[in-house]
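Participant: Got a structure here, written out as structure tokens. Questions coming.
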Amino acid sequence: MGEKHTYMPTAKDLSYTFGGRMPLAHLRSGDVLSTYTEDCFGGAVRTVDDLPSKVCTFPYLNPVTGPFFVEDAEPGDTLAVHFLSIVPARTVGVSSTFPHFGALTSTSHTATLQPPLEERVWLYDIDVEAGVVRYRARNSDYTVDLPLEPMHGTVGVAPAGFEARSSITCDTYGGNMDTPELRAGTTLYLGVNVHGAMLGLGDGHARQGEGEASGVAVEVAMHTAVAVEVIKGVPTPWPRIETDDTIMSVGCARPLEDAFRISHHDLVGWTAELTGLDTLDAYQLVAQAGTAPVGNVCDPNYTMLAALPKRVLRGGAAYGGAHERLRAIADVAPGTGAP
């Protein structure tokens, strides 16, 4: 294991783009970073009367902490980011509906004549010790305890071509993918586009349903620890995810079917590489053994995943066993929760 770094950001350290920013700190391959991320509203929504349109300044939404410069990361490499721990920093999470945002309302891209949805805020009690997120209806006394499943909706590196992309969207560099799969114990692989990669993360969710149908999860600030590794000379065209038992490819696009195709195209190629199968044999295996978790269906780009259980790979190790190496750091790096 490399060095352990703790970085507590101030408001000026929060970024609203991937690319176009100077780094906050430098990391090396094998290092552990413990940091804090603000929620998508910048902490401004605290009560049910704090409507985001009133208390937030647009377009300053979805802040990320970063970027962090990773030494020796160059274009054509892959940056592996392993989530050691993700712990809510508050005991209350927030969610909302927006008038022209979400899967079940009209938007600027799908314009219709019916009235927009009401803007409404929900508060969720978060009990970390009990592992519970409590849903509470606004117009009745209905409550339900849901499992606490902390995750990061937004993780990425700088895009190629000197671009600066809004933290609201996602693409080949990662970004606002909004997949519940980005939880503790998971490794995210991102293709490096610029010197130092320029890693950023934010948009913590206490939990989120697949698709993030309303456009907003249970948003909360997070204390997060990650370990990073630079995989030299191995490109990664689209974000990839590995858990102890699954590999996943991520596709980001509109319409949703294109995101589906991107993710499955990448997974078929990855499967062929890991197994030695030809393209059509790999395609057939993915078609019969794979699943397709949904990330988000609301943001400027939608997110789809293509997933395959590792048991069908018969021992094929992704990225030379990077996930297993980074997973082991959790056992030898105490204090990787709240910094």
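The values are calculated or read from the model by the stated rules, or taken from the named source; none is laboratory data. Since the model is a prediction, treat every value here as computed from it, not as a measurement. Every residue, glycine as well, gets a Cβ built from its backbone with ideal geometry; the counts of neighbours run over all protein chains shown. Side chains are part of the model used for accessible areas, which takes the heavy atoms of the whole protein and leaves out ligands, DNA and RNA. Shrake-Rupley method; radii C 1.70, N 1.55, O 1.52, S 1.80 Å.
Participant: Given a Förster distance of 35 Å, report the FRET efficiency between residue 292 and residue 100 from their Cβ-Cβ distance, rounded to the nearest 0.05.
Facilitator: Working: r = 28 Å, r/R0 = 0.79.
E(calc), rounded to 0.05, equals 0.80.
Participant: Let me ask you something else. By a straight-distance test (C-alpha under 20 Å), which aspartates and glutamates pair with residue 4 as possible cross-link partners, with residues fewer than eight away in the same chain excluded?
Facilitator: Cα-Cα hits under 20 Å: 13, 31, 71, 72, 229, 324, 331.
Participant: Among the lysines, which fall within straight-line cross-link reach of residue 54, defined as a Cα-Cα distance under 26 Å, with same-chain neighbours fewer than 8 residues apart omitted?
Facilitator: Those lysines meeting the cut-off are 12.
Participant: Just the isolated ones, please: cysteines in the chain lacking another cysteine beta carbon under 4.7 angstrom.
Facilitator: Cysteines lacking a close Cβ partner in the chain: 40, 56, 298.
Participant: Would you kindly find the accessible area of residue 97, with a 1.4 Å probe and non-protein molecules such as ligands, DNA and RNA excluded, rounding to the nearest 10 Å²?
Facilitator: 30 Å²
Participant: I would also like to ask the following. What is the sum of charges around residue 71, taking Lys and Arg as +1, Asp and Glu as -1, for the other residues whose C-beta is under 15 Å from the C-beta of residue 71?
Facilitator: Net charge in that neighbourhood comes out at -4.
Participant: May I pose another question? Go ahead and set up a Gaussian network model of the chain, Cα springs under 10 Å, then flag whichever of 254, 314, 183 fluctuates most.
Facilitator: Result for the chain, Cα springs under 10 Å: 314 fluctuates most.
Participant: Given a 1.4 Å probe and heavy atoms of the protein chains only, how would you sort 122, 270, largest accessible area at the top?
Facilitator: Details: 122 45, 270 0 Å².
Per-residue accessible area, sorted high to low, gives 122, 270.
Participant: I would also like to ask the following. Within the accessible area of the chain, what % is carbon and sulfur when the probe is 1.4 Å and the other protein chains stay in place?
Facilitator: So the carbon and sulfur contribution to the accessible surface is 55 percent.
Participant: So what are the radius of gyration and Dmax for the Cα set of the chain, in Å?
Facilitator: Every Cα atom of the chain included, Rg and Dmax give 19.3, 58 Å.
Participant: Let me ask something else. On a 0 to 90° scale, report how tilted helix 279-289 is relative to the longest principal axis of the chain, with both axes built from alpha carbons and the result rounded to the nearest 10.
Facilitator: It is inclined by approximately 40 degrees.
Participant: Checking the cross-link filter: which lysines have an alpha carbon closer than 30 Å to that of residue 310, excluding same-chain neighbours under 8 positions apart?
Facilitator: Result set, ordered by chain and number: 232.
Participant: Give me the percent relative contact order of the chain, please, defined on Cα pairs under 8 angstrom at least 6 residues apart.
Facilitator: 23 percent
Participant: For a test of the definition: using alpha carbon positions, the gyration tensor, and the 1.5 limit on a/c, classify segment 62-122 as rounded, prolate or oblate.
Facilitator: oblate
Participant: Shifting gears a bit: If each Cα of segment 57-205 is one equal point scatterer, what is log10 of I(q)/I(0) from the Debye formula at q = 0.10, 0.16, 0.19 Å⁻¹?
Facilitator: Summing over Cα pairs of segment 57-205 leads to -0.46, -1.01, -1.20.
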